[in-house]
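In what follows, a single structure is set out as structure tokens and then discussed.
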Amino acid sequence: MNYRGPLRVRIDEKPDPEILHPEDAIVRVTRACICGSDIHLYNGLVPDTRVGETFGHEFVGVVEEVGPEVQRLKVGDSVLVPFNIACGKCIFCKQGLYGNCHEANPQATAVGGIYGYSHTAGGYNGGQAEYVRVPYADVGPVVIPEGMDLDDAVLLTDVVPTGYQAAEMGGIQKGDTVVVFGAGPIGIMAARCAWLFGAGRVIVIDKLEYRLDFVRNYAPCEAYNYEELGDPVMFIKKTTDWMGADVCIDAVGADATGRAYHSITGRAMVQAGAATALRWAINGVKKGGVVSIVGVYGPTDNLVPIGNVLNKGITIRANQTSVKRLLPKLIDHVQKGILNPKAMITHRIPLEDVSDAYRMFSSKLDNCIKPVLIPPSAAM
Ligand SMILES: NC(=O)c1ccc[n+]([C@@H]2O[C@H](COP(=O)([O-])OP(=O)(O)OC[C@H]3O[C@@H](n4cnc5c(N)ncnc54)[C@H](O)[C@@H]3O)[C@@H](O)[C@H]2O)c1
Ligand SMILES: [Zn+2]
Ligand SMILES: [Zn+2]
């Protein structure tokens, strides 16, 4: 695919990627998902997203070629590739902070490298393509276990670990009330995982009825439409004996709707996106509670009620997900049937139709939860 500017992506012939470093591999893509994070790029909210870039940080494929220093991966391996590009050796990678690698994106002080996620995240091309260059090939990619469905595998590159880490960062204690903002794939998975950490009550808030219906059954949990609730913060207070939730999770990020003022100033780049869900999370959590942010925001200004964070003594935890750290446990959860990620895939779309796929997913048409793109060389 080829990014042509905000709200415009199309399919184009591009030169095949090449090995540029001895630790690179070239992977032939067999499945690539579109993620809510791609919608921030598509809407033009991520700085330094350049015309001509290939998006796509959620992909699986077959190793076609390896550089001379690659030892672990072999040509022909079927691999799932974490969305973070990480060196595995720097001070951050050594702590398991693979989303904050210092080598893969040396120009930046914040985020590490991410496939297909603008020059802010290192300027790497992504996997919504037939072939992709995979740097540090011995670090990130994991050979897909025998018998695992590729649709499950592709969701292990981001959605499953991100939903899980959202719940993990919430520091959920037994019996806690957890409120998740956003019923996209990430919020759905966060709600499901909240139970694994001992939540006593899980509430999801969104406005798309079809997603609320899905998460009610899938997590399972309570789910409410914020357009019907009026003020979601007041609803949370009422339903928690006026205490507030123990943990609030922001699984929405910069493209939040719900408050015209935030949306207008967010989209007009006065802020780096609209922090509506984050405001609701901060104002809806109890004093001393935890707000876990996985929703992605641009790196610059947002209208965040920081005074309330201080006065309530809230702990805020946030990060890009450290996929590699979580994979061993989450592969096991999928194999044991504790998590069933592929149930979220609602649309299988040929890669050639990428531009329709973006339009559908970004506008939430046709009851779409998660679309997967299939390149011509891979079987549907
Ligand atoms: N931290 C990470 O590593 C990481 C990884 C993957 C995705 N993400 C981020 O997670 C977020 C969710 O991703 P997704 O794929 O589920 O996206 P998505 O676009 O499918 O879902 C977002 C959902 O939020 C809902 N929403 C909008 N405004 C809301 C509001 N004010 N309150 C409640 N719900 C609201 C939308 O209706 C939609 O259903 C995105 O910001 C994405 O960038 C972060
Ligand atoms: Zn993603
Ligand atoms: Zn590193």
So ALA199, is it within 17 Å of MET344 (Cβ to Cβ) and either free of Cβ contacts under 8 Å to residues at least 60 places away in the same chain or in contact with a Gly (Cβ under 8 Å, 6 or more places away or on another chain) (or both): no
Within segment 107-137, considering residues that are farther than 20 Å from ILE19 by Cα and surrounded by fewer than 23 Cβ atoms within 10 Å (Cβ to Cβ), the one farthest from ligand 1 (Cβ to nearest atom): GLN107
Inter-residue pairs, beta-carbon under 6 Å, first at positive phi and in segment 165-178, second among the small types (Gly, Ala, Ser) and not in a helix (DSSP H, G or I), 6+ apart: GLY175/GLY200
Verdict on VAL154 being in a strand (DSSP E or B) and crowded, with 23+ Cβ neighbours inside 10 Å: no
Hits in segment 282-330 - residues which are touching a strand residue (DSSP E or B) at 6+ places or on another chain (Cβ under 6 Å), buried (at least 23 other Cβ atoms within 10 Å of the Cβ) and not β-branched (Val, Ile, Thr): GLY284, GLY289, SER292, GLY295
Search result, residues across segment 26-47 that are under 12 Å from TYR3 (Cα atoms) and more than 10 Å from ligand 1 (Cβ to nearest atom): TYR42, ASN43, GLY44
First in segment 1-12 and small (Gly, Ala, Ser), second anywhere and buried (at least 19 other Cβ atoms within 10 Å of the Cβ) and at pLDDT below 95, Cβ under 6 Å, 6 or more apart: none
Within segment 251-359, helices (runs of 4 or more DSSP H) holding 1 or more residues that are over 25 Å from ILE114 (Cβ atoms) and modelled with pLDDT of 95 or more: 276-284, 323-335
Cross-chain or 6+ apart pairs with Cβ under 7 Å, segment 92-111 first and in contact (Cβ under 8 Å) with a residue 60 or more places away in the chain, then small (Gly, Ala, Ser) and within 16 Å of ligand 2 (Cβ to nearest atom): GLY96/SER322; LEU97/SER322; TYR98/ALA86; TYR98/SER322; GLY99/GLY112; GLY99/SER322; ASN100/GLY112; VAL111/ALA121
Verdict on GLY67 being in contact with a strand residue (DSSP E or B) (Cβ under 8 Å, 6 or more places away or on another chain), free of Cβ contacts under 8 Å to residues at least 60 places away in the same chain and away from ligand 2 (no atom under 16 Å from the Cβ): no
Residue among VAL60, VAL46 that alone is touching a residue at least 40 places away in the same chain (Cβ under 8 Å), within 16 Å of ligand 2 (Cβ to nearest atom), farther than 17 Å from VAL9 by Cα and among the β-branched types (Val, Ile, Thr): VAL60
Single residue of CYS93, CYS87 found to be under 20 Å from the mean Cα position of the chain (by Cα), within 11 Å of ligand 3 (Cβ to nearest atom) and over 23 Å from ASP38 (Cβ atoms): CYS93
Only one of ARG50, ARG31 that is modelled with pLDDT of 95 or more, out of contact with any Gly (no Cβ under 7 Å at 6 or more places or on another chain) and surrounded by fewer than 16 Cβ atoms within 10 Å (Cβ to Cβ): ARG50
Conditions (1) among the hydroxyl-bearing types (Ser, Thr, Tyr); (2) under 30 Å from SER263 (Cα atoms); (3) within 15 Å of ligand 2 (Cβ to nearest atom); number of the one not met by THR109: (3)
Qualifying residue in segment 330-348 (condition: touching a helix residue (DSSP H, G or I) at 6+ places or on another chain (Cβ under 6 Å) and more than 28 Å from VAL139 (Cβ to Cβ)): no
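The values are calculated or read from the model by the stated rules, or taken from the named source; none is laboratory data. Quick caveat: nothing in here was measured; it's all calculated off a predicted structure. Counting neighbours? That spans all protein chains shown, and the Cβs are built from the backbone with ideal geometry, glycine included.
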